[in-house]
1. With the checklist (1) open to solvent by 50 Å² or more (accessible area, probe 1.4 Å); (2) assigned to a helix (DSSP H, G or I) in hand, flag the one item TYR612 doesn't pass.
2. Suppose we filter the range 241-257 for residues that are modelled with pLDDT of 90 or more and over 29 Å from the mean Cα position of the chain (by Cα); how many remain?
3. Can you find a residue in the range 93-115 that is over 21 Å from HIS194 (Cα atoms), of a type outside the set (Ser, Thr, Tyr) and away from ligand 1 (no atom under 16 Å from the Cβ)?
4. List, please: which pairs have Cβ atoms under 6 Å, are six or more places apart or on different chains, and start with a residue in the range 541-563 that is modelled with pLDDT of 90 or more and end with one that is surrounded by 13 or more Cβ atoms within 10 Å (Cβ to Cβ) and not in a helix (DSSP H, G or I)?
5. In the range 65-73, is there at least one residue being within 23 Å of the chain's Cα centre (by Cα), open to solvent by less than 50 Å² (accessible area, probe 1.4 Å) and more than 28 Å from ALA131 (Cα to Cα)?
6. Look through LEU577, LEU600, LEU606 and report the one residue that is of a type in the set (A, V, I, L, M, F, W, C) and modelled with pLDDT under 95.
7. Mind listing whichever residues of the range 518-537 are part of a loop (DSSP other than H, G, I, E, B) and not basic (Lys, Arg)?
8. For the range 342-352, check the following and say yes or no: at least one residue is open to solvent by 20 Å² or more (accessible area, probe 1.4 Å) and over 12 Å from the mean Cα position of the chain (by Cα).
Amino acid sequence: MDAMVKSLRFALVGNPNSGKTALFNALTGSHQKVANYAGVTVERKEGRVQGTDGKSLIVTDLPGTYSLRARSLDEEVSRDVVLGTRKGEAAPDVLVCVADATNLRLVLRLALELKQVGRPMVMALNMYDIAQRQGLQIDLEGLSRDLGMPVVTTVATRKRGLPELIAAVEEQAKHAAHQSEWHAPSAAEVRTAHREAERLMKAHVQPPARPDTLTGKLDAVLLHPVAGLAILFGVLFVMFQAVFTWATPAMDGIEAGFALLGQWLGATVTNDLLRSLLVDGLIGGVGSVLVFLPQILLIFLFIIALEDLGYMARAAFLMDKIMGGAGLHGRAFIPLLSSFACAIPGIMATRVINAKRDRFTTILIAPLMTCSARIPVYTLIIAAFIPNTTVWGWVSLQGLVMFGLYAGGIVSALLVSLVIRRVLWRGMVEPFMMELPAYKMPDIKSVLMNLWLRAKIFLKRAGKIILPLMIIVWALSTFPYPPEGATGPAIDYSFAGMMGKFLEPIFAPIGFSWQMVVALIPGMAAREVAVAVLGTVYSVAGAEENIGTLATVLANDWSLATGLSFLAWYIFAPQCLPTIGVVQREMGSKKWTAIFVIYLFALAYLAAFITYHIAVALGAG
Ligand SMILES: Nc1nc2c(ncn2[C@@H]2O[C@H](COP(=O)(O)OP(=O)(O)OP(=O)(O)O)[C@@H](O)[C@H]2O)c(=O)[nH]1
Ligand SMILES: [Mg+2]
């Protein structure tokens, strides 16, 4: 019989950055993205929570919103779930209004608006730890009485107050929802709600005894138009320096490990074919990508810590002028920032931008932000062609080039946006007020958890995408065997060799060899596959004479001009089928997807062409 009883469903609604997702994660044990700025969650997420009597409850995390009068796609999601207007989906049994306890004014208005919907409600005063630290006095009973709903306090990041919250939800669920048709509030109703919220604040909330002065003091410097921008560039600069200097020992260790494993396998496996598959295909291929894990994690460590600190919202504020000048909406910053991890969540995050044109512009340039899958490609080519020296005494030249590649992507994105604004759609960019969260010390546990999730994503890709592809690539570069008496390396006679040579003329003008062409095709599945393919192709081609790392092999085989051209190609080329799929879904148009793919390939070819020929002219051919 129990299975027949429908699970109790409740939804977490609240202002952006109030800790809904942190609460959702704490309740369900999931690891949805949490960060200290508004607009992180753009989709609903469902999870299960253990109730008090062993029955499980279903909880929905929602994008942040200030009102049910939704203005963007993500706010529409929240409204539709709250009102139960989605097809085949009833409204949740209970609404939990999640509030940042240190910032109640706006959420009280939302709570009053939500009450009009008529569902049973609970108010969760989250971030109660910060409120207490500040000495903020909230009369919980009075607030609860006036709001007409239970008020519980929670600390999502420390899992405090969760049983009380669940108990309150279960208790409220016993009250039937009173039926009421929600209608968008009139101006007069908005004013009334505003007055009522002010009254509640006055009556029940005493201003903090120790207000947060740190945020203001830090912002005086960090938001300064000159000093602030200088600090922002300084921070990014240090990040890339660190990536090249700190990651090296770990990378060397992993590399040495794979080399040993390869040697051992080479000596123990007697079957030639199997040995080639293991050594050339798997270690030469997948191993050459896994080496980059330390660097990827270091970059993420920086990004996650800066996000948690609340600094990234400041970066958005600082960049707003520059972005606005290039015709980008201020809300484009966070989606573009997410794209540094991967363009897919970045493109989805554009849902917070309400004007379609601003949103489309952002989608079109999102892949120009350097995603983590490019790190292996960039690092490999940099290690091969850029000497590991310091300039000006202490700056790592390799780190400087990496910084340049990231900057190259950003500057190109701004230029493309400028062109789109001039050619496709003119008109004003909507003004936008960025909300600045209070600074918070990053939570070490959650930073480490986030890093671990990143590592898992990277390793999963290596196992699920790269590994199977490498088996195919290895087979294509091994068969058919060369004819009797052949003189060249075996790969020249293989299917891969034939394909590469067939397509080579297209890429010859930008200095690519046929081996690189072989790498580009499976590289469409995921960018870092190109590194794995190069690893396999070169290792199949001549394991004997090419002792040393892949980077050394490339340095011997390619000219500097070819290396630079490959880097330029990689800034632009839309070499990632999953991204193209998401663009199609989010733009909802085949025509726009085609424009997206064609313009990026055209830019990639052009950039590589120019780079190659300038480099050759300067004597790097
Ligand atoms: N100190 C403290 N920090 C918290 C608490 N709850 C959440 N945070 C932090 O607050 C920030 C925002 O949390 P999120 O869960 O991303 O907020 P959200 O409401 O889901 O935000 P959106 O998805 O943008 O609407 C993160 O940096 C969290 O680590 C809390 O109870 N105490
Ligand atoms: Mg969220």
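The values are calculated or read from the model by the stated rules, or taken from the named source; none is laboratory data. Since this is a predicted model, take the numbers as computed values, not measurements. When we count neighbours, we look across all protein chains shown, and the Cβ atoms used for this are built from the backbone with ideal geometry, even at glycine. We work out accessible area using only protein heavy atoms, side chains counted, and drop any ligands, DNA or RNA first. Shrake-Rupley method; radii C 1.70, N 1.55, O 1.52, S 1.80 Å.
1. For TYR612, the failing item is (1).
2. 1
3. yes
4. Taking only residues 6 or more apart or on different chains, the pairs are SER559/GLY621; LEU560/ALA620; ALA561/GLY511; ALA561/ALA620; ALA561/GLY621; THR562/GLY511.
5. Checked against the condition, which is being within 23 Å of the chain's Cα centre (by Cα), open to solvent by less than 50 Å² (accessible area, probe 1.4 Å) and more than 28 Å from ALA131 (Cα to Cα), the range 65-73 yields at least one hit.
6. Just a single option satisfies the conditions, and that option is LEU577.
7. The answer is ILE521, ALA525, ALA526, GLU528.
8. Within the range 342-352, one or more residues are open to solvent by 20 Å² or more (accessible area, probe 1.4 Å) and over 12 Å from the mean Cα position of the chain (by Cα).
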